[in-house]
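Remarks on the structure that follows.
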């Protein structure tokens with residue numbers, strides 16, 4: 001119970017239905033038992049990762065005044081740079097000791113959804129660094145496709161239409177994030193963690209983490225175990241919306257980051273979240289007479305906004 005499973009998803013890119021089913025069953029078991037697993041055999045290249053790591057190190061090393069030109073607290077749709085202590089994922093602990101860059105699906109200011117003031121819709125806010133925006137856009141699109149591949153396997157495992165999630169992930173509010181965790185020696189006190197204990201808000205999270213380590217996952221016994229970096233893999237975890245969709249058959253597991261001593265840590269999660277108008281309600285086959293739906297239906301945007309208000313002080317002020 002102290003080792004997360006590693007699943008080779010390469011068969012999901014082929015036509016062998018038996019192999020598809022085997023991968024879907026492995027993912028299903030990991031989601032039910034852990035809510036966390038590693039994937040290998042995915043198509044994101046090591047060259048892409050190297051380019052992103054170099055871009056992250058360059059951006060986060062820049063002066064605060066330059067980064068704050070795209071300050072996320074001045075964004076109506078949660079895009080841009082988040083300074084250290086902007087987030088507080090664990091309300092019982094000090095604010096998180098990390099800085100971030102967030103981007104989503106780009107919608108120009110003249111898009112009807114933006115003009116209508118729909119939540120979490122709008123243009124991305126990128127730093128003025130040559131090549132940055134093109135690199136981030138390519139990666140966002142590739143991670144969106146990777147997340148849909150995993151979601152098709154989950155749909156197969158859950159016994160619903162194979163394209164159930166595809167249809168709900170058109171024009172999603174998925175977020176690609178880059179995170180810099182400074183060395184722990186700079187934290188304000190022993191209670192300030194890189195990222196406090198929390199569950200993710202969306203459907204599935206796909207995380208690249210560098211070699212610094214620090215990610216910990218809570219097992220069924222309530223113990224914190226390390227989820228160390230493994231070359232060529234992503235860590236995948238279930239978020240709260242998928243837990244609600246699956247009536248808690250799939251676990252949204254608490255996790256945290258303990259910033260390492262003496263080194264900088266960089267990670268890059270992709271939070272897969274559907275179209276904001278999507279209704280999150282108990283899926284077929286996930287409830288029964290002895291297991292009624294545990295959550296009332298809610299729209300994706302309403303759920304996300306409620307969670308943002310819990311985490312970000314600036315969102316509470318805007319509400």
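Just so it is clear, none of the values below were taken in a lab; they were calculated from the coordinates. Source: prediction; values computed, not measured. When we count neighbours, we look across all protein chains shown, and the Cβ atoms used for this are built from the backbone with ideal geometry, even at glycine.
Just a few scattered comments:
- Under 20 Å from a label point set 7 Å out along the Cα-to-Cβ vector of residue 51, the amide N atoms of segment 203-239 belong to 207-210, 232-234.
- Rounded FRET efficiency, nearest 0.05, which uses the C-beta distance separating residue 261 from residue 145 and R0 of 45 Å: 0.75
- Isotropic mean projected area of the C-alpha convex hull, segment 201-319 (nm²): 9.8
- Going from the residue with the fewest nearby Cβ atoms within 10 Å to the one with the most, 49, 280 rank 49, 280.
- Over segment 6-318, relative contact order from alpha-carbon pairs under 8 Å, at least 6 apart, %: 21
- Stokes-Einstein D in µm²/s, Kirkwood radius over Cα pairs - the chain at 10 °C with 1.306 mPa s viscosity: 79
- Nearest-0.05 FRET efficiency for residue 167 and residue 306, computed from C-beta distance (R0 30 Å): 0.80
- Once divided by 2.2 N^0.38 Å, the Cα radius of gyration of segment 176-267 becomes 1.12.
- Centre separation in Å (Cα based) which lies between segment 196-210 and segment 218-249: 8
- Helix-derived mean residue ellipticity, 222 nm - over the chain, DSSP H n ≥ 4, -39500 (n - 2.57), to 500: -9000 deg cm²/dmol
- At the listed q of 0.12, 0.20, 0.21 Å⁻¹, the Debye profile of segment 76-144, built from one uniform point per Cα, gives log10 I(q)/I(0) equal to -0.42, -0.94, -0.98.
- Residue 298-residue 160 FRET efficiency (beta carbon distance; Förster radius 25 Å; 0.05 resolution): 0.85
- In segment 20-177, one over the average inverse separation of all distinct C-alpha pairs is 18.0 Å, which is the Kirkwood hydrodynamic radius.
- Whole-angstrom gap from segment 250-281 to segment 65-98, using each part's C-alpha centre: 15
- Spherically averaged projected area of the convex hull of Cα atoms, segment 92-191: 10.2 nm².
- Counting neighbouring Cβ atoms within 10 Å and putting the fewest first, the residues 64, 267 line up as 64, 267.
- Within the chain, percent of DSSP bridges classed antiparallel, to nearest 5: 90
- For the chain, modelled as a GNM whose springs connect Cα atoms under 10 angstrom apart, the maximal fluctuation among 201, 234, 295 occurs at 295.
- Note on the chain: GNM, Cα springs under 10 Å; of 170, 65, 33, the largest mean-square fluctuation is that of 65.
- Taking the number of Cβ atoms within 10 Å of each Cβ as an exposure proxy, the fewest-first ranking of 224, 34, 20 is 224, 20, 34.
- Here, P(r) means the percent of Cα pairs in each 10 Å bin from 0 to the largest distance; for segment 1-78 it is 15, 25, 23, 24, 12, 1.
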